Amino acid sequence: MHISEGVLSAPVLAGGAAFAVAGIAVGLKKLDNDRIPQAGILAAAFFVASLVHVPIGPSSAHLILNGIVGLLLGWAAFPVIAVALVLQAILFQFGGITSLGVNTIIMAGPAVLGYYLFTPFIARSHTTAMAGAFACGFTAVLVSALIAAAALMLTGEAFLEVSVALVAAHIVVMIIEGIITMFCVAFLKKVQPSMLQIG
C-alpha cells in the first residue's frame, strides 16, 4: 500500500507531510522511555511484515500490522511506523522519500484510530476482546486502503480505477490482519496484559 515517488500531486504531498509531522510530534511526546524497547520490536515487525509483497492483478498486497501496533502504542504508532517506512524507502525503494508523509498517514492514522475505537473492548470478556481485536485489525487496513485511495483520487480522477482496485485487493488482507490481531491480543492477555494497557 506504499505510494511511490512521482505519483501524488504537490498539494497532497505537502498536506500529508504536515499531518505526519504533527502525528510524529504527538507520538514522541506520548512515548514513555520504558516503552521504547516495545516500540522498537513493533517497528521491526511492521518493517518485516510490509516487505513481503503478494502480486494481485495490477497491484500487490502485504501484511501491515498497523492494527496491533495501534492497540499497543496508541499515538506512538506514528514515529514507529515512520521509522520503518524511512528504512523501507531507503533500503528497498518501497514508497519514497517525498511520499513518506502520505504513507505515514496511510499506515499510522488508522492505527491510532483503532487504538481509540477498540481498546475499550480489549479489557472486557474474552469474546468481546476477540471481536474487538479482529475489528481493529480489519478496520485499520480498511481505513488505510481508503486513505490511500483518497490520496490518489485527490491527485487526479484518472486514478479512480486504480483506487477501487487498491481497496478491492486488500479485502483478503483485512480479514487476515483481523485474525492475526485477534491471536496477538489473546496471547498478550494471557502472558503480558500490561502491554495492552489493561493490567
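The values are calculated or read from the model by the stated rules, or taken from the named source; none is laboratory data. Here the structure is a predicted model, which is why all the values come from computation and not from measurement. With ideal geometry, Cβ positions are generated from the backbone for all residues, glycine too; neighbour counts draw on all protein chains shown.
Against the conditions (1) closer than 18 Å to Ile147 by Cα; (2) buried (at least 23 other Cβ atoms within 10 Å of the Cβ), Leu71 satisfies every one except (1).
Filtered by the rule that a residue be in a loop (DSSP other than H, G, I, E, B), surrounded by 15 or more Cβ atoms within 10 Å (Cβ to Cβ) and not hydroxyl-bearing (Ser, Thr, Tyr), segment 19-50 gives a lone residue, Leu31. Within segment 1-18, the residues that satisfy the criterion of being buried (at least 17 other Cβ atoms within 10 Å of the Cβ) and either assigned to a helix (DSSP H, G or I) or in contact with an Asp or Glu (Cβ under 9 Å, 6 or more places away or on another chain) (or both) are Val12, Leu13, Gly15, Gly16, Ala17.
The one condition from (1) among the aliphatic types (A, V, I, L, M); (2) farther than 21 Å from Glu5 by Cβ; (3) buried (at least 20 other Cβ atoms within 10 Å of the Cβ); (4) touching a Leu at 6+ places or on another chain (Cβ under 9 Å) that Ile176 does not meet is (3). Just to be sure before I move on: is Ala133 in contact (Cβ under 8 Å) with a residue 12 or more places away in the chain and crowded, with 16+ Cβ neighbours inside 10 Å in the structure I sent? Yes.
Of the residues making up segment 135-171, those that are in a helix (DSSP H, G or I) and touching a strand residue (DSSP E or B) at 6+ places or on another chain (Cβ under 7 Å) number 3. Of all residues in segment 26-41, none that is closer than 21 Å to Gly109 by Cβ and aromatic (Phe, Trp, Tyr) has its Cβ atom under 8 Å from the Cβ atom of a residue that is modelled with pLDDT of 90 or more and part of a helix (DSSP H, G or I), 6 or more apart or on another chain.
State yes or no: is Val48 of a type in the set (Val, Ile, Thr), modelled with pLDDT under 90 and farther than 25 Å from Glu161 by Cβ?
When the stated conditions are applied, Val48 passes them.
Only one of the numbered conditions (1) at pLDDT 90 or above; (2) out of contact with any helix residue (DSSP H, G or I) (no Cβ under 6 Å at 6 or more places or on another chain); (3) surrounded by 17 or more Cβ atoms within 10 Å (Cβ to Cβ) is not met by Leu146, and that is (3).
From Ala129, Ala123, grab the single residue that is at pLDDT 90 or above and over 25 Å from Phe159 (Cα atoms). Just a single option satisfies the conditions, and that option is Ala129.
A single member of Ala169, Ala165 is under 21 Å from Ser4 (Cβ atoms), crowded, with 19+ Cβ neighbours inside 10 Å and either touching a residue at least 12 places away in the same chain (Cβ under 8 Å) or in contact with a Ser or Thr (Cβ under 9 Å, 6 or more places away or on another chain) (or both), and it is Ala169. For segment 79-118, a residue qualifies if it is assigned to a helix (DSSP H, G or I), surrounded by fewer than 19 Cβ atoms within 10 Å (Cβ to Cβ) and β-branched (Val, Ile, Thr), and the qualifying residues are Val83, Val86, Ile90.
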